[in-house]
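The values are calculated or read from the model by the stated rules, or taken from the named source; none is laboratory data. Nothing here was measured: the structure is a model prediction, and the numbers come from that model. Methodologically, a virtual Cβ is constructed for each residue, glycine included, from the backbone with ideal geometry; neighbour enumeration extends over all protein chains shown. All accessible areas refer to the heavy atoms of the entire protein, side chains included, with ligands and DNA or RNA removed. Shrake-Rupley method; radii C 1.70, N 1.55, O 1.52, S 1.80 Å.
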Amino acid sequence: MSTLGLIFSNIHDNNVPELTAKRTVASIPFCGRYRLVDFALSNMVNSDITKVGIITKSNFQSLMDHIGSGKDWDLARHVGGLYILPPFGVTESSMLYSTRLEALKSVTGFLAKSHEEYVVMSDSDMVCAVDFKPIIAEHIAKGSDMTLVYVKKNRNEVGGRENVFLELDDDKNVKEIVFDSQNEEVNVFTNMIVVSRTLLTSLLADALSHGATSFVKDVIASQLPYGRIRAYEHKGYYEEITSLQKYYDENLKFLEKSKREEVFRKANVYTKVKDSTPTRYGENAVVNNSLVADGCKIEGEVYNSVIFRGVTVGRGAVVKNCILMQNTTVGEQVSMNCLITDKNVYIKDRRTLSGSENHPFYISKGTVI
């Protein structure tokens, strides 16, 4: 069964505006050495999907720098491989897309020129390890028109905006799509979809001709009375980065070994490989319950923190409950608690900075304090 992958890189940029001012949500750094797109890309590669298109819109330079030719995901191929799909509409006068449906309309040419039988679509704002092989197999076996992947959650655990919930019958056919639910337990649609390429192309053409604006409301929901729309439950780890607070919480959550094993040991998560030097620890350095990437220089103390590549922590500095992105420099005798520093931040000597666990303080890229 030949399958094409489509990844949306910009759809959820507005959820984390602090981190997406100069990058896509797909290229947000995560967990010391990864980007969020790594999870979606790795899920597809691990599911034997060897042709993947990434739909871009704006601020995608860092995304292109990260994924390059796709060789780190074994997608640098003569047949198939990785495609960056530019942010242009279906006509020369089209503006940049603002919805998922418009994003799909902009790649109808790519879909038409492809020959794969099925399409797997995925967002890039989530942390998870999903095997699409059994999902595609069930999609075929059940004769489904679409298969929507969902996760079960308690309603009070669902954050973010524009959530979609699925009402199912006993055979996991989708009976109704709702946008607000008061049920204690809900089926949260993950925006991962399996559909035949020809059906998707046909649905997009019909939606385009009728001026539709929403893929979920105008395409998926409109097919419920006529098509066979089924759901597949993902039972493994799944979390979406829906806010800066959620980003902070999810990074620190992976300080727990059990959480790391739940995602990184379940399947390979690939990322761009950099040949950095090992991290150097000074004589008085103390590091406790932290993730420290390579290429760092730690002279001070680090507790319960995620430290990206190339970070420097000066003598006498104390870093607690922080996320320090690439090439952050922390001066001597600095005290930091509950901070997120973007790339290339410089904290001068003897500064004291603190947020809180429920309101981490964010320092934007290139800032000097």
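Inclusion of Ser305 among residues that are hydroxyl-bearing (Ser, Thr, Tyr) and open to solvent by 30 Å² or more (accessible area, probe 1.4 Å) is not warranted.
Scanning region 160-194 for residues that are surrounded by 16 or more Cβ atoms within 10 Å (Cβ to Cβ) and within 17 Å of the chain's Cα centre (by Cα) turns up Asn163, Val188, Phe189, Thr190, Asn191, Met192, Ile193. Against the numbered list (1) part of a loop (DSSP other than H, G, I, E, B); (2) closer than 26 Å to Cys322 by Cα; (3) polar (S, T, N, Q), Ser58 comes up short only at (2).
Within this structure, Val107 fails the test of being modelled with pLDDT of 90 or more and under 17 Å from Arg230 (Cβ atoms).
When each of Val292, Val313, Val273 is tested for being out of contact with any Pro (no Cβ under 9 Å at 6 or more places or on another chain) and at pLDDT below 95, the lone residue that passes is Val273.
Where residues in region 247-285 are of a type in the set (Ser, Thr, Tyr) and assigned to a loop (DSSP other than H, G, I, E, B), which of them is most open to solvent (accessible area, probe 1.4 Å)?
Of everything passing the filter in region 247-285, Thr277 is most open to solvent (accessible area, probe 1.4 Å).
The residues of region 115-143 that are surrounded by fewer than 22 Cβ atoms within 10 Å (Cβ to Cβ) and assigned to a loop (DSSP other than H, G, I, E, B), listed by number, are His115, Glu116, Glu117, Ala129, Asp131, Lys142, Gly143. When we screen Asn14, Asn46, Asn10 for residues that are open to solvent by 30 Å² or more (accessible area, probe 1.4 Å) and closer than 30 Å to Phe361 by Cα, the only hit is Asn14. Restricted to region 337-362, and to residues there that are free of Cβ contacts under 8 Å to residues at least 24 places away in the same chain and open to solvent by 60 Å² or more (accessible area, probe 1.4 Å), the residue that is nearest to Lys22 (Cα to Cα) is Asn344. Candidates Val334, Val330, Val313: the one that is of a type outside the set (Gly, Ala, Ser), over 20 Å from Gly32 (Cβ atoms) and open to solvent by less than 10 Å² (accessible area, probe 1.4 Å) is Val334. A Cβ distance below 8 Å, combined with a sequence gap of six or more or placement on separate chains, defines the contacts here; from region 87-104, residues that are open to solvent by less than 70 Å² (accessible area, probe 1.4 Å) reach residues that are modelled with pLDDT under 50 in the pairs Tyr97/Gly89; Glu102/Gly89.
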